[in-house]
């Protein structure tokens, strides 16, 4: 056996302690509740997809983990890779099952994804994403572009309640607005321009300008692109500013203009709708580009107040042609759960109230009476009280210490004359009946405490 | 973009419909509750381990999926593979964090694992396992060998309640009993003999006998091995039969005898303890071998009554030397969740009450009043009632049809004169106030229905 191999954490593959996992589990549980409350049903997809489908997005291809059987017979496996997001597998799931799904189809999906990129703060090789999407047949009404960020905004707000997540702020844009404008100022390679602008926060305006000009964009057009990206309003006032810029930048072309205007109108409606549902949540931000080619309408990014350095924790957009050759337009957003949890944990914002589920540690007087201690534990469990029985009939002081080490608040002493239970935080010890005694509500289950 | 690649299910990588996923989610939720009630805390480990650690078990090595970055710089990645169970990663987790864990450490872990074996009924390439283990420092008292199957038996019994899982029956053995006996009858390669006996159900007594004799075991010893494997009792009566067989088979050797007797005593105590907790659950079955080398004491297998063809759905055992060179003896069992769910679904034992979470479909009179419908939905949601708003202001007949197609029981009609709600199963339509109306408890959430 080769079990002696070196033990070491793998960079980019986070693992939580039991108490940290409690925070993650609470995050996932909160998200599930909010998604279901809004009519989103859960699916899971397999972890693998054919490489030729995964590799469609050129940027992501270098990050894909391909699979090989360690001792495969040649040609025995399809060429498979681990999914790097939940959108590509969801698109495939919808195509595969289109005959059996009711459209518009709302779904949520919470799974791990894998990307072989360089690990750094908030960026992992294995991480949880939590996605919601709505996919329609043929036509996706615009109101879904508001529904999805509203549901996500509520999910993030719920996390503030359950795990103390910082307040979220969403920035939104519309691809048509940007693409119409870029075409209007004469940019030929619009996807390349979007990719350059997507780096604005990272490389700054001069960096973006350099990249645009290196790609053949004129200095004047590059300046217009940066001026557009500077527009950000907490309401629909961006519209007048963008319209004004169209004129001052000398943008032109009927098709470009009508695309631009469709985007302006849609983004105005979107920002108003989201802010009507959750006042102060949404900003129109014309710098939001999103790197992915397939977005065709609304695009979204979300940061946590005071934690902007973490980058976006919830992003997405509308895609009209991703699924089934355009027959299934959709809109979706994805929460980077691991990124969020890693910050909650590392910033001390949330932790588990104890390292184990047990509320009660049932002491064992001697090994001959272990069955009696087990019986007490079973009575408590039947009443929903998590507990464990001492591993050995050591001195009671040692047993109390074992409970204390795990953060278990109560130790139960079975006795021939009647049982007693001790709150080891106060030292108070009282007579108790396992059929009737109940711990205080806040002690019943291990829970997330805010820090 | 290469998105046009052929869409097809991958053999061995199951995916459920939203309604089937509901069954799986209920299974997982039931297991979590039972595990936590018994003091087991949750962890998750990364999906990957260094290949040299995974490949320790020679039988499993050929099933390992190795990872390679699709466009990796040479030498940039460690040699990693996907875990094929949760025991190997858990062992590594314990070694890595031994300074921070309180021992005995009880944990549960529910994750997908991957094995590149040939898919067949109940056997998958990607599947959920749900494991519990207790790991101690230096010494693991024998009562944990009873605790773990008792917790698992309760978990399986709970599944009968929540998803209609068939009744489980556990078979148990003790490695020392078997190894002592094998040594006593003169078998040299005991692991090979165990692997042969492990195939008894598959290849029959003659097949096992052939394999044993091909491995150098005498015909007389092979006969003794098969006679031992034929002993099965619902209590400790196996002990007398095994002792008798020791004599009639002419087994000998002091060390072999004392190992054998330690196993007989431990198995007697184990079967009695599990049957005391859950009458009729446990059988001593001396054919239970388990393929894995690392078991050193109790071993367990579990079948579902009436579904024995599915094979074992919950198995495990005690291992003394797996972790940290023997410093952390443990005992654990693993439920093959996907195997179980696939049978529940394929045999029609359980399904979702509806395909979506929504209890209420809020109709939209016209697009101008969509905000009013959204407001109704939000009032219902604030009261914990899952709902969705109609995707278009189609004729009410069409909207009712859309609800019906999803199995949503109620359609809500907002009205200037007051709202009404229709139970579309009975056709009954009544005046209703979103601040007060509540659906019947059984309609509130999508749930698992049996049958």
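Name every residue in segment B:138-169 that is under 17 Å from residue B:298 (Cβ atoms), within 14 Å of chain A (Cβ to nearest Cβ) and outside any helix (DSSP H, G or I), in order of residue number.
B:139, B:140, B:141, B:142
Can you give me the number of residues within segment A:196-216 that are out of contact with any helix residue (DSSP H, G or I) (no Cβ under 8 Å at 6 or more places or on another chain) and within 18 Å of residue A:173 (Cβ to Cβ)?
Final tally of qualifying residues: 3.
Can you name the number of the only condition in (1) surrounded by fewer than 20 Cβ atoms within 10 Å (Cβ to Cβ); (2) at pLDDT 90 or above; (3) within 7 Å of another protein chain (Cβ to nearest Cβ); (4) in contact with a helix residue (DSSP H, G or I) (Cβ under 8 Å, 6 or more places away or on another chain) that residue A:5 fails?
In the conditions (1) surrounded by fewer than 20 Cβ atoms within 10 Å (Cβ to Cβ); (2) at pLDDT 90 or above; (3) within 7 Å of another protein chain (Cβ to nearest Cβ); (4) in contact with a helix residue (DSSP H, G or I) (Cβ under 8 Å, 6 or more places away or on another chain), residue A:5 misses (2) alone.
Restricting to segment A:95-114, count the residues that are outside any strand (DSSP E or B) and more than 10 Å from chain B (Cβ to nearest Cβ).
Qualifying residue count for the region: 1.
Say whether the condition of being surrounded by fewer than 20 Cβ atoms within 10 Å (Cβ to Cβ) and at positive phi is met by at least one residue in segment B:99-120.
No: zero hits.
How many residues are over 20 Å from residue A:381 (Cα atoms) and touching a helix residue (DSSP H, G or I) at 6+ places or on another chain (Cβ under 6 Å) when one looks only at segment A:425-449?
1
Kindly establish whether residue B:193 is farther than 30 Å from residue B:130 by Cβ and in a helix (DSSP H, G or I). Reasoning before the result, please.
On the way: farther than 30 Å from residue B:130 by Cβ: yes; in a helix (DSSP H, G or I): yes.
Here the answer is yes, as residue B:193 does meet what is asked.
If residue A:172 satisfies all but one of (1) assigned to a helix (DSSP H, G or I); (2) under 18 Å from residue A:295 (Cβ atoms); (3) in contact with a helix residue (DSSP H, G or I) (Cβ under 8 Å, 6 or more places away or on another chain), what's the number of the condition it fails?
(1)
For segment B:252-279, give me each residue that is over 29 Å from the mean Cα position of the chain (by Cα) and either in contact (Cβ under 8 Å) with a residue 40 or more places away in the chain or surrounded by 20 or more Cβ atoms within 10 Å (Cβ to Cβ) (or both).
B:252, B:253, B:255, B:256, B:257, B:258, B:259, B:260, B:261, B:262
Looking only at residues that are in a loop (DSSP other than H, G, I, E, B) and buried (at least 20 other Cβ atoms within 10 Å of the Cβ) in segment B:121-130, which one is nearest to the chain's Cα centre (by Cα)?
As a first pass, look at segment B:121-130 and keep what is in a loop (DSSP other than H, G, I, E, B): B:121-122, B:124-125.
Now drop any that are not buried (at least 20 other Cβ atoms within 10 Å of the Cβ), which leaves B:124-125.
Details: B:124: 13, B:125: 15 Å.
By that ranking, first place goes to B:124.
Going through segment B:131-142 one residue at a time, which ones are touching a residue at least 24 places away in the same chain (Cβ under 8 Å) and surrounded by fewer than 22 Cβ atoms within 10 Å (Cβ to Cβ)?
Residues satisfying the conditions are B:136, B:137, B:138, B:139, B:142.
Could you list, in sequence order, all residues of segment A:292-308 that are more than 14 Å from chain B (Cβ to nearest Cβ) and either in contact (Cβ under 8 Å) with a residue 12 or more places away in the chain or crowded, with 24+ Cβ neighbours inside 10 Å (or both)?
Keep residues of segment A:292-308 that are more than 14 Å from chain B (Cβ to nearest Cβ), which gives A:297-308.
If the condition is that a residue be more than 14 Å from chain B (Cβ to nearest Cβ) and either in contact (Cβ under 8 Å) with a residue 12 or more places away in the chain or crowded, with 24+ Cβ neighbours inside 10 Å (or both), then A:297, A:298, A:299, A:300, A:301, A:302, A:303, A:304, A:305, A:306, A:307 are the ones that fit.
The values are calculated or read from the model by the stated rules, or taken from the named source; none is laboratory data. Worth saying up front: this structure is predicted, and the values here are computed from it rather than measured. Positions of Cβ are generated from backbone atoms using ideal geometry, with glycine treated the same way; all protein chains shown enter the neighbour counts.
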